């Protein structure tokens, strides 16, 4: 989907992968680009704006763990742009000992943000169709013993995304849902994973995971930008060690009518 003239929201757009993706999206001549993040970084916002003066960049302080913050942020977008064409759900945290925070940011907040934005995208309500990109992880596809809680949250993102990307919904709303799964990338999320493990027993295998091959956030961000433009409902993509590839999920069960 060409992004020219579109209104785009990026949740977590000042993080490492997110910010690299934002830089790749700026030349696309979006009408409005809304960057949601809990942390303010005026220099990064100015740097994004300098990449393309045709696109108006807006920073909105955003706490994904609070419904009131989500509602307020979406309302501000609608007041300034009327429509939402693209929503990228990119907020994430890895800290298994804090179960509630992990789930609230990685899964519950993502779901609440999606539900709040959808009426302004749904072509049968107040929108004109569009695309939602949910950032999961390769750990939403495969188990990860050292980070079981994080893994559970990302499996949840995968299940949510695959469910709402059903063709039945897409035909009604015109909103495509795509899932993006980064592999291990050089960001603070991976740093010191040995201190973020699930159990005391996990320390050894957590530290081993620190030694695995990674990719640069610039590469992952560029892959994410490609996926944002794909508008492929139901598409699932892995960005791993510099390669972007499509995933075909294994179907183990289907209802019998």
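Please tell me if residue 154 is within 15 Å of residue 107 (Cβ to Cβ) and either touching a helix residue (DSSP H, G or I) at 6+ places or on another chain (Cβ under 9 Å) or in a loop (DSSP other than H, G, I, E, B) (or both).
yes
Given the options 146, 182, name the one that is surrounded by 18 or more Cβ atoms within 10 Å (Cβ to Cβ), within 16 Å of the chain's Cα centre (by Cα) and under 15 Å from residue 94 (Cβ atoms).
The conditions single out 182.
So for the range 192-211 (the condition being within 16 Å of residue 241 (Cα to Cα) and modelled with pLDDT of 90 or more), does at least one residue qualify?
No.
Out of the residues in the range 212-233 meeting the condition of being part of a loop (DSSP other than H, G, I, E, B) and closer than 17 Å to residue 138 by Cβ, tell me which one is modelled with the highest pLDDT.
216
Output the number of residues of the range 157-183 satisfying the condition of being under 18 Å from residue 121 (Cβ atoms), in contact (Cβ under 8 Å) with a residue 24 or more places away in the chain and in a helix (DSSP H, G or I).
Residues flagged as under 18 Å from residue 121 (Cβ atoms), in contact (Cβ under 8 Å) with a residue 24 or more places away in the chain and in a helix (DSSP H, G or I) within the range 157-183 amount to 7.
Give the residues of the range 46-71 that are under 27 Å from residue 125 (Cα atoms) and surrounded by fewer than 16 Cβ atoms within 10 Å (Cβ to Cβ), sorted by residue number.
Narrowing the range 46-71 to residues under 27 Å from residue 125 (Cα atoms): 55-71.
Those that are under 27 Å from residue 125 (Cα atoms) and surrounded by fewer than 16 Cβ atoms within 10 Å (Cβ to Cβ): 56, 61, 66, 67, 68, 71.
Could you pull out the residue among 65, 95, 53, 102 that is under 15 Å from residue 135 (Cα atoms) and either in contact (Cβ under 8 Å) with a residue 24 or more places away in the chain or over 15 Å from the mean Cα position of the chain (by Cα) (or both)?
Unique residue meeting the criteria: 102.
In the range 234-256, is there at least one residue being assigned to a helix (DSSP H, G or I), in contact (Cβ under 8 Å) with a residue 60 or more places away in the chain and within 18 Å of residue 142 (Cβ to Cβ)?
No: the range 234-256 contains no residue that is assigned to a helix (DSSP H, G or I), in contact (Cβ under 8 Å) with a residue 60 or more places away in the chain and within 18 Å of residue 142 (Cβ to Cβ).
Quick check on my filter: what residues within the range 46-71 are over 20 Å from residue 93 (Cβ atoms) and either modelled with pLDDT under 95 or assigned to a loop (DSSP other than H, G, I, E, B) (or both)?
52, 53, 54, 55
Does residue 108 meet the test of being within 19 Å of the chain's Cα centre (by Cα), buried (at least 23 other Cβ atoms within 10 Å of the Cβ) and over 21 Å from residue 224 (Cβ atoms)?
no
Name, by its number, the condition in (1) touching a helix residue (DSSP H, G or I) at 6+ places or on another chain (Cβ under 7 Å); (2) free of Cβ contacts under 8 Å to residues at least 24 places away in the same chain; (3) not in a helix (DSSP H, G or I) that does not hold for residue 123.
(2)
Would you point out the residue of the range 15-45, among those that are out of contact with any strand residue (DSSP E or B) (no Cβ under 8 Å at 6 or more places or on another chain) and assigned to a helix (DSSP H, G or I), that is surrounded by the fewest Cβ atoms within 10 Å (Cβ to Cβ)?
43
Is there a residue in the range 194-212 that is in contact with a strand residue (DSSP E or B) (Cβ under 9 Å, 6 or more places away or on another chain) and farther than 16 Å from residue 154 by Cβ?
No - not one qualifying residue is present in the range 194-212.
The values are calculated or read from the model by the stated rules, or taken from the named source; none is laboratory data. Remember, it's a predicted structure, so these values are computed and weren't measured experimentally. Using ideal geometry, Cβ is built from the backbone for each residue, glycine included, and neighbour counts are taken over all protein chains shown.
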